[in-house]
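Visitor: This structure is in structure tokens; I'll ask about it shortly.
The values are calculated or read from the model by the stated rules, or taken from the named source; none is laboratory data. Since the structure is predicted, the reported quantities are computational estimates derived from the model, not experimental observations. Note that we place each Cβ from the backbone using ideal geometry, even for glycine, and neighbour counts take in every protein chain shown.
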Amino acid sequence: MPIQKDLKRRVRARMRKTGESYTAARARVLERKPEKKRSVPGPRTSPVGPKTDLAGLAGMSDAAVRAKTGRDWAGWVAELDRAGAASLPHREIARWLRDQGVPSWWSQMVTVGYERIRGLREKGQRRGGGFDVNKSKTYPVALPELWLAFTRCKPWLGDAGVRMSKATRHRSMRWKWPDGTTIDVTFWAKGPSKSQVQLQHGKIASRAEAERLRAFWGERLGRVGELLAGGR
């Protein structure tokens with residue numbers, strides 16, 4: 001509708017409502033400020049100030065990130081904000097970082113750190129909800145001996161009801177916990193008589209349960225060490 005015709009329509013509508021003359025109604029209509037357009041809210045993110053401990057929120061030091069990626073946390077937060085990363089899913093942020101030349105593993109680390117800094121996930125929490133527990137331990141035994149201890153887990157794990165669903169000899173295995181959550185176990189040789197295990201229990205429903213399982217797995221991995229020491 002042309003602007004002038006729309007103005008006349010609104011003036012006449014006011015005249016009918018108030019009984020004012022055309023001139024008075026027109027003046028009142030023109031006094032009204034145009035309604036502001038509603039802005040579409042963006043994702044809710046935590047504010048970052050000059051004194052914010054970015055490395056503490058991310059869970060990794062500035063020196064480590066700078067050494068492997070060429071930028072510290074302040075630099076990555078600025079770059080990712082400019083790229084609109086706060087509104088992107090985890091996978092797309094990591095892909096964007098890889099496109100910038102960040103190595104694959106570090107693209108994941110920077111993505112997780114950025115999401116923590118921006119309040120998109122808590123430490124230990126997945127972006128879409130749920131929590132992960134990560135535990136690792138190094139043992140003074142060769143890798144085959146450690147692998148065998150995990151394939152025969154009842155002596156240190158008891159009747160937990162765990163079920164192995166996948167395994168790659170001397171490299172990794174996957175277990176199913178009775179509640180349906182998944183446990184990924186990865187192994188590395190650290191020398192002829194030294195090996196390490198990394199255990200990740202994922203998609204835990206609550207922080208309280210995650211903390212309980214964190215303590216549980218810490219104690220169980222300690223028990224593995226006791227059994228290995230006793231068998232030598």
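Visitor: From the list 179, 132, pick out the single residue that is of a type in the set (Asp, Glu) and under 18 Å from the mean Cα position of the chain (by Cα).
Guide: 132
Every residue, every condition in (1) in a helix (DSSP H, G or I); (2) among the hydrophobic types (A, V, I, L, M, F, W, C); (3) farther than 30 Å from residue 120 by Cα, yes or no:
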residue	(1), (2), (3)
137	no, no, no
144	yes, no, yes
150	yes, yes, yes
160	no, yes, yes
167	no, yes, yes
175	no, yes, no
188	no, yes, yes
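Visitor: Restricting to segment 177-186, name every residue that is part of a strand (DSSP E or B) and out of contact with any His (no Cβ under 7 Å at 6 or more places or on another chain).
Guide: Scanning segment 177-186 gives 182, 184, 185, 186.
Visitor: Give just the number: which of (1) in a helix (DSSP H, G or I); (2) touching a Phe, Trp or Tyr at 6+ places or on another chain (Cβ under 7 Å) does residue 226 not satisfy?
Guide: With (1) in a helix (DSSP H, G or I); (2) touching a Phe, Trp or Tyr at 6+ places or on another chain (Cβ under 7 Å) applied to residue 226, the lone miss is (2).
Visitor: Same structure, new question: Of the numbered conditions (1) touching a Pro at 6+ places or on another chain (Cβ under 9 Å); (2) assigned to a helix (DSSP H, G or I), residue 120 satisfies every one except a single condition; which is it?
Guide: (2)
Visitor: Looking at segment 170-188, which of its residues are at positive phi and without any contact (Cβ under 8 Å) to a residue 24 or more places away in the chain?
Guide: Across segment 170-188, the qualifying residue is only 180.
Visitor: Right, here's the next one. Which one of 10, 38 is at pLDDT below 75, outside the structural domain of residue 110 (by TED's automatic domain parsing) and more than 30 Å from residue 111 (Cα to Cα)?
Guide: Testing whether each residue is at pLDDT below 75, outside the structural domain of residue 110 (by TED's automatic domain parsing) and more than 30 Å from residue 111 (Cα to Cα) leaves just 38.
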